[in-house]
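S.K.: Have a look at the structure that comes next, please.
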Amino acid sequence: MTQQHVNRRDFLKRTAASAAAVTLAAPAIAQNTDGRVVVVGGGFAGASCARALKRIDPKISVTLVEASHTFTACPFSNAVIAGLRDLKQQQFDYKKLEGPINVTFEPATRVDTDARTVIIGDAARLPYDRLVLAPGIDIRWDGLPGYDEAAAARMPHAWRAGEQTLLLRKQLEAMDDGGLVVISAPANPFRCPPGPYERASLIAHYLKTRKPKSKLIILDAKDAFSKQGLFLAAWKELYPELIEWVPLSKGGRVTAVDPKSNTLTTEFGSHKAAVANVIPPQKAARIAEAAGVADKTGWCPIDPVTFESKLAPNIHVIGDACIAGGMPKSAFAGNSQAKGCAAALAKLLNGEKPDEPKLINTCYSLVSPDYGISVAGVYTPVNGQWTDVKGAGGVSPAKAPRSDRALEANFANGWFKTITEEAFG
Amino acid sequence: MRPNHCLAALVILCASATSASAIDVAPAGAAACSGCHPASRAVETPFTRLTGRPAAEIVTAMQEFRGGQRPATVMDRIAKGFSDDEIKAIATWYARQKD
């Protein structure tokens, strides 16, 4: 048995090595490393991938390219908006990564795929054997009539955490009791599928506590959403009459916005808001397009085993920017993909065949500070696409005691501590 | 003497099996666990640490989560995505990991 195992592995190693000999860059061998990997983007996916690479194979030279010295996490930023948490608790730096990983604080502007080089800042060039793009999302500023960068200063999206998060919080704090809050939720796919509904929940919690005469409307471009049954039941229980969800089929899709009058227009009418939170359509961040790895949808098709782009060789895309089939665009998924991609890269750079992977996602949402719900999934590649393992995963039970909801809220907090420690701590 | 010989032969075989791969990659599914179950002792969370835990403990827990015999919030849903062999490989790998 053991002997067979050795033979099989040796065989795989030999065949993979001969195939990889063509693609493995010679300079890497000359420098006595197992290869050079450049990771662009220092979010949950990028930072986790850089670290996992070093952990699996310390001989791989890893450079992380990130424009900002401070990372502001989106998960739990809805609690900041609702005044339950400080923005500082969302912020992390890269000091603990520096050393084993070369961290470069410059924006990646271009990728020269022929020369296998990333251009950072004005002109500096970073050569790679394998490039990992984990750039996250950009707002589609052409995706919703009336909604441009100037409009976002009046009607915040708060879908990239930081100043926008604080702006939405300040607007809610300044609003009179009895005001109307409107959230516009986009069509799929977008970052954090349950996010708009967790946000509605926590804003409702704030309104119920501080401004009980107010109301919240969700104008939705969809007829169904993540953890829908659980959210709707919890809203009925916790925030009766406070939240109104308007689905696509009831005219929920926002077709235009007017920042001057703070008005959102749908096919059925218009809503003048005291506070308007416009969550607009999104796409993979700009560098993905510049590298030629984004398709017509704006997102990046990948091979599920290696996360290598289907459009450009030696470029791997992870996190919110990639098309990961059944996996949602979440921090957990990004971190999970990062470790899978790192394992595949280490194998490839050592001339071995990557293993068939399996990944997990778990997304917690808070309906109130002590009321948590979750959705989980286990995924494996089927026909070139990340696919749910049948019989596994799903959402929290519809009928569960409040003590279980409190447990899940506690787990949500624990998850945030674990994942941020793994990526940045 | 004989058992020792066998042991020595086994050690050599195992060593060569390991040296066939230059790197220690976690088995399918294992790396995703540390999204919740912290690898670092610096984190205080309600999640069980898996690093260095006896493999048999992890196997039993996963099988009971999967079969519904152990109370769970989310692990019952996750455990159903893994076969006995996959669970065993994950457990063995975590048992081997050090801080």
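The values are calculated or read from the model by the stated rules, or taken from the named source; none is laboratory data. Predicted, not measured: the structure shown is a model, and the values here were computed from it. Virtual Cβ from ideal backbone geometry, glycine too; neighbours counted across all protein chains shown. The area values use the complete protein model at the heavy-atom level, side chains included, leaving out ligands, DNA and RNA. Shrake-Rupley method; radii C 1.70, N 1.55, O 1.52, S 1.80 Å.
S.K.: Might you let me know whether segment A:349-363 holds any residue that is in a helix (DSSP H, G or I), closer than 22 Å to A:V62 by Cα and touching a residue at least 40 places away in the same chain (Cβ under 8 Å)?
M.R.: Yes, the conditions are met somewhere in segment A:349-363.
S.K.: Within segment A:394-412, track down each residue that is touching a residue at least 24 places away in the same chain (Cβ under 8 Å) and either farther than 30 Å from A:L64 by Cβ or within 9 Å of chain B (Cβ to nearest Cβ) (or both).
M.R.: A:V395, A:S396, A:A398, A:R402, A:R405, A:A406, A:L407, A:E408, A:A409, A:N410, A:F411
S.K.: Given the residues A:A409, A:A400, which is the only one that is modelled with pLDDT of 95 or more, under 23 Å from A:L202 (Cα atoms), open to solvent by less than 40 Å² (accessible area, probe 1.4 Å) and part of a loop (DSSP other than H, G, I, E, B)?
M.R.: A:A400 is the lone residue from the list that is modelled with pLDDT of 95 or more, under 23 Å from A:L202 (Cα atoms), open to solvent by less than 40 Å² (accessible area, probe 1.4 Å) and part of a loop (DSSP other than H, G, I, E, B).
S.K.: Which of the residues that make up segment A:43-71 are under 15 Å from A:N350 (Cα atoms), assigned to a helix (DSSP H, G or I) and not charged (D, E, K, R)?
M.R.: Of everything in segment A:43-71, those that are under 15 Å from A:N350 (Cα atoms), assigned to a helix (DSSP H, G or I) and not charged (D, E, K, R) turn out to be A:L53, A:I56.
S.K.: Could you please give the count of residues in segment A:298-313 that are touching a residue at least 60 places away in the same chain (Cβ under 8 Å) and open to solvent by 40 Å² or more (accessible area, probe 1.4 Å)?
M.R.: Residues that pass the stated criteria total 2.
S.K.: Suppose we keep only residues that are of a type in the set (A, V, I, L, M, F, W, C), in contact with a helix residue (DSSP H, G or I) (Cβ under 7 Å, 6 or more places away or on another chain) and in a strand (DSSP E or B) within segment A:72-106. Which one would you say is farthest from A:L202 (Cα to Cα)?
M.R.: The residue in question is A:I101.
S.K.: Of the numbered conditions (1) within 9 Å of chain B (Cβ to nearest Cβ); (2) in contact with a strand residue (DSSP E or B) (Cβ under 9 Å, 6 or more places away or on another chain); (3) buried (at least 21 other Cβ atoms within 10 Å of the Cβ); (4) assigned to a helix (DSSP H, G or I), A:Y379 fails exactly one; give the number of that condition.
M.R.: All conditions pass for A:Y379, except number (4).
S.K.: Of the residues A:E267, A:E289, only one is farther than 30 Å from A:P381 by Cβ, acidic (D, E) and without any contact (Cβ under 8 Å) to a residue 24 or more places away in the chain; which?
M.R.: A:E267
S.K.: Identify, please: which residue in segment B:40-98 is under 22 Å from A:N361 (Cβ atoms), touching a helix residue (DSSP H, G or I) at 6+ places or on another chain (Cβ under 7 Å) and among the small types (G, A, S) and is, among those, nearest to the other protein chains (Cβ to nearest Cβ)?
M.R.: B:S40
S.K.: Across segment B:60-99, what is the total count of residues that are farther than 26 Å from A:F416 by Cα and among the aliphatic types (A, V, I, L, M)?
M.R.: Result for segment B:60-99: 1.
S.K.: Which members of segment A:367-376 meet the condition of being open to solvent by 20 Å² or more (accessible area, probe 1.4 Å) and closer than 16 Å to A:G334 by Cα?
M.R.: A:V375
S.K.: So which of A:G425, A:G334 is facing chain B (nearest Cβ under 9 Å) and of a type outside the set (F, W, Y)?
M.R.: A:G425
S.K.: OK, next. Can you pull out the residues in segment A:270-286 that are touching a residue at least 60 places away in the same chain (Cβ under 8 Å) and open to solvent by 20 Å² or more (accessible area, probe 1.4 Å)?
M.R.: A:H271, A:K272, A:A274, A:P281, A:K283, A:R286
S.K.: If you don't mind, another one. If we scan segment A:208-215, do we find a residue that is part of a strand (DSSP E or B), outside the structural domain of A:R405 (by TED's automatic domain parsing), touching a Lys or Arg at 6+ places or on another chain (Cβ under 9 Å) and closer than 25 Å to A:A256 by Cα?
M.R.: Checked segment A:208-215: no residue is part of a strand (DSSP E or B), outside the structural domain of A:R405 (by TED's automatic domain parsing), touching a Lys or Arg at 6+ places or on another chain (Cβ under 9 Å) and closer than 25 Å to A:A256 by Cα.
S.K.: Between A:G251, A:G229, which is among the small types (G, A, S) and in contact with a Ser or Thr (Cβ under 8 Å, 6 or more places away or on another chain)?
M.R.: A:G251
S.K.: Of all the residues that make up segment A:248-306, how many are in a loop (DSSP other than H, G, I, E, B) and of a type outside the set (D, E)?
M.R.: Of the residues in that region, 26 qualify.
S.K.: Among (1) at pLDDT below 95; (2) part of a strand (DSSP E or B), which single condition is A:V118 missing?
M.R.: (1)
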